[in-house]
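Accompanying notes for the structure given below.
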Amino acid sequence: MEPQDYTLFEDYLANELDAEVKAEFENRLAEDSDFKTEFETYKELSEHLQHEFSNAEARAEVTSTIEKLGDDYFAETNSDKTSKGFNRSYLAIAASIVIIIGFFGYNWFSVPTYSDYNNYGDINLTVRGTQTEALKNAETAFNEGDYAEANVYFNKILKANPDNVDVQFYKGIALIETEKYGEADRILSALANGNSVYKYEATWYRALSQLKQKDTDGAIAILETIPQEADVYEKAQQLLKKLQ
Amino acid sequence: MSGKKIHSDQRIIEGLVKNNAFVIKSIYDDHAPKVINYIKQNSGDVMRAKDVIQDVLITIYNQATQKGLQLTCPFDAYFFLLCKRKWFNELKKKSLSEVTINEEIVSKGESAEHEFMETSVFDDKQKLFQDKFKELGKACQELLKHCFTDTNMQSVADKLDVSYAYARKKKSLCIGQLTKLVRSSAAYNQIMTT
């Protein structure tokens, strides 16, 4: 490959070749397989570099979320305390005896309460590049457990963006935390009946809301509506077993 | 694609791409135990499992955002296959003899294989491209980084204190050099013949 071939590649990709040169180039691609392979590799590398560098900030954010949630999850897994949301297949393996005894001891003798389940870690609502004040404040308030304040901001955001399902969902949770159960149920039901990412999570939280109000039957009824394909199905089933 | 229906677990991919903390947390809750278990049964420990899971999630994110990713199979199968593969490669790197991998693929289906292969190839290529990039001269690395973060070529030229024409030419030469490095590498030939 000559240096001018690479210039050709670059110009072709930038669509800056005039019609005649472009036709010649495409001919050569069709006839010279080595030339074609070199071009395709060049093109693939351009796309790779494009993604690697121009997407750096967004990728850093997602990486940070993955790592932080990973730290949280693995800290729980490693601790001697009984882990919440226990996965049955893990139990099946002859793992740490302490965890197994702890699990049976805890679950055999105690009634599950809302506070066993309301651990959701930090939320991150910011959409790439469009961080608004309200979103940031909402996030901070929620992550600090200041649910009433979070709702003030959530409402602000929903006023301008009534269809934002992420905010609707977290508002639902914040309403449960501040004991506004009726309103919480309205929002979460709407999500449960919709088709967003939160469809089944919303149902799960509706059930938890009943649990918090000490309405075990209500919670059971809702949990039973969660279908097998839902991600929350397993934990819903586990909770059902404990409640029944 | 083959016209297969997109699986409802596609929402997990979308959640990951959008940095949805809830979806990402649910990935750990629902899918980490099996991976942890597998790795522990195959000469690893919990912390190694954590690294594997995080690497795989970032790979999936990169593929979904760069090339697009459409799941036609449950996320569980796809994710687990990728984690197994990553762990297997880790073990190979440390050349542990007698690497016994328990072959137990859950909900194996043709489509899980397809997406899995796609992501595997993407992952291998990405690692190769990143490695070869580091073999370029510093000037090329600088230039390319600027070219792809700043879409205005003139402003790139100004920043590096060169002419527009020079910057443009150098860009194509640097990518050209990278192309040569990649094509002549043994790893590339292996990927292309898989």
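The values are calculated or read from the model by the stated rules, or taken from the named source; none is laboratory data. Computed from a predicted model, the values in this text were never measured in an experiment. FYI the Cβ positions are ideal-geometry reconstructions off the backbone, even for glycines, and counts take in every protein chain you see. Just the protein is used for accessible areas: all its heavy atoms, side chains included, with ligands, DNA and RNA removed. Shrake-Rupley method; radii C 1.70, N 1.55, O 1.52, S 1.80 Å.
Observations, loosely collected:
- Qualifying residue in region A:43-61 (condition: closer than 26 Å to B:GLN126 by Cα and either among the basic types (Lys, Arg) or touching a strand residue (DSSP E or B) at 6+ places or on another chain (Cβ under 8 Å) (or both)): yes
- Answer from A:ALA202, A:ALA207 - the residue that is crowded, with 22+ Cβ neighbours inside 10 Å, small (Gly, Ala, Ser), within 14 Å of chain B (Cβ to nearest Cβ) and closer than 23 Å to B:ARG11 by Cβ: A:ALA202
- Matching residues in region B:37-52 - criterion: being at the interface with another protein chain (Cβ under 7 Å from one of its Cβ atoms) and either among the hydrophobic types (A, V, I, L, M, F, W, C) or within 17 Å of A:VAL62 (Cα to Cα) (or both): B:VAL46, B:LYS50
- Unmet criterion (only one of (1) at pLDDT 95 or above; (2) open to solvent by 20 Å² or more (accessible area, probe 1.4 Å); (3) farther than 15 Å from A:LEU69 by Cβ) for B:ILE58: (3)
- Of the residues B:TYR61, B:TYR78, the single one that is of a type in the set (Ser, Thr, Tyr) and either in contact with a Phe, Trp or Tyr (Cβ under 9 Å, 6 or more places away or on another chain) or assigned to a loop (DSSP other than H, G, I, E, B) (or both) is B:TYR78.
- Among (1) open to solvent by less than 30 Å² (accessible area, probe 1.4 Å); (2) more than 14 Å from every other protein chain (Cβ to nearest Cβ) - the single one A:ILE226 does not satisfy: (2)
- Residue check for B:ASP51: within 18 Å of the chain's Cα centre (by Cα), open to solvent by 40 Å² or more (accessible area, probe 1.4 Å), closer than 30 Å to A:LYS43 by Cα and of a type in the set (Asp, Glu): no
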